[in-house]
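The values are calculated or read from the model by the stated rules, or taken from the named source; none is laboratory data. Note that the coordinates shown come from a computational prediction; the quantities given were computed from them, not determined experimentally. A quick note on method: Cβ atoms are made from the backbone with ideal geometry, for glycine too, and the neighbour counts reach across all protein chains shown.
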Amino acid sequence: MKKEDCFFLGYISRKHGYKGVVKIKLETPAKYKDLAHMFIEMNGGLVPFFIDSFRLIKENIALVNFEDVGSEEDAQRLVGKEVFIPLEFIDESQQNELAALIGFEVIDSKHGSIGKVNDILNNTAQDLFQISNGYQDFLVPITEEFIQKIEGNTIYLETPEGLIDLFLE
């Protein structure tokens with residue numbers, strides 16, 4: 001499984017108890033359907049972990065017991081690791097949340113206002129913002145690394161050097 005085919009769920013914040021249960025800090029509170037397994041990033045790759053139990057204890061905190069993680073020591077080795085789930089495990093309503101961003105103003109940390117979200121393209125390997133500045137449309141990948149925050153009707157981005165320059169010159 002590749003990261004492009006997955007949704008960043010969050011990270012393992014700590015172990016819970018002594019039987020191998022871990023606490024996951026969810027990046028995006030949502031409803032996840034039929035979670036059978038998750039992928040944990042280890043040594044640059046995604047490793048599948050099958051789920052014995054998954055329980056939300058707060059909107060953004062879940063307790064998870066994985067198969068083959070049965071001790072405090074096993075759980076401790078996972079603390080700090082990033083967790084991903086296949087896109088098909090995301091509730092359809094969450095996927096529609098991206099569509100709600102259409103019309104939002106986009107502000108880049110280096111260039112200021114760069115336009116408004118004209119469309120969300122999710123038929124590619126990577127979801128993309130289609131941004132229009134009145135003169136042209138351009139595409140920016142929708143990634144956790146780029147999005148600083150979403151506040152009101154504004155999306156604040158910090159894009160890599162040169163990405164926005166390609167379109168503004």
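Overview of results
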item	result
Count of region 158-169 residues which are surrounded by fewer than 16 Cβ atoms within 10 Å (Cβ to Cβ) and either modelled with pLDDT of 85 or more or not in a loop (DSSP other than H, G, I, E, B) (or both)	7
Candidates Ile85, Ile120, Ile155, filtered to the one that is touching a residue at least 60 places away in the same chain (Cβ under 8 Å) and either on the phi < 0 side of the Ramachandran plot or part of a strand (DSSP E or B) (or both)	Ile85
Those residues of region 123-144 which are assigned to a loop (DSSP other than H, G, I, E, B) and either surrounded by 15 or more Cβ atoms within 10 Å (Cβ to Cβ) or touching a residue at least 12 places away in the same chain (Cβ under 8 Å) (or both), in sequence order	Ala125, Gln126, Asp127, Asn133, Gly134, Gln136, Ile142, Thr143, Glu144
Matching residues, region 114-169, being farther than 24 Å from Asp5 by Cβ and among the charged types (D, E, K, R)	Lys116, Asp137, Lys149, Glu151, Glu158, Glu161, Asp165, Glu169
Elements of type strands (runs of 3 or more DSSP E) in region 1-81, at least 1 residues being assigned by TED's automatic domain parsing to the domain that holds Asp127, free of Cβ contacts under 8 Å to residues at least 40 places away in the same chain and in contact with a Gly (Cβ under 7 Å, 6 or more places away or on another chain)	none
Condition broken by Lys110, with the remaining ones in (1) among the charged types (D, E, K, R); (2) modelled with pLDDT of 85 or more; (3) exposed (fewer than 11 other Cβ atoms within 10 Å of the Cβ) satisfied	(3)
Number of the condition not met by Glu59 [criteria: (1) closer than 24 Å to Glu4 by Cα; (2) surrounded by fewer than 16 Cβ atoms within 10 Å (Cβ to Cβ); (3) within 16 Å of the chain's Cα centre (by Cα)]	(1)
Among the candidates Lys19, Lys58, Lys25, Lys3, residue that is of a type in the set (Lys, Arg) and farther than 26 Å from Glu145 by Cα	Lys19
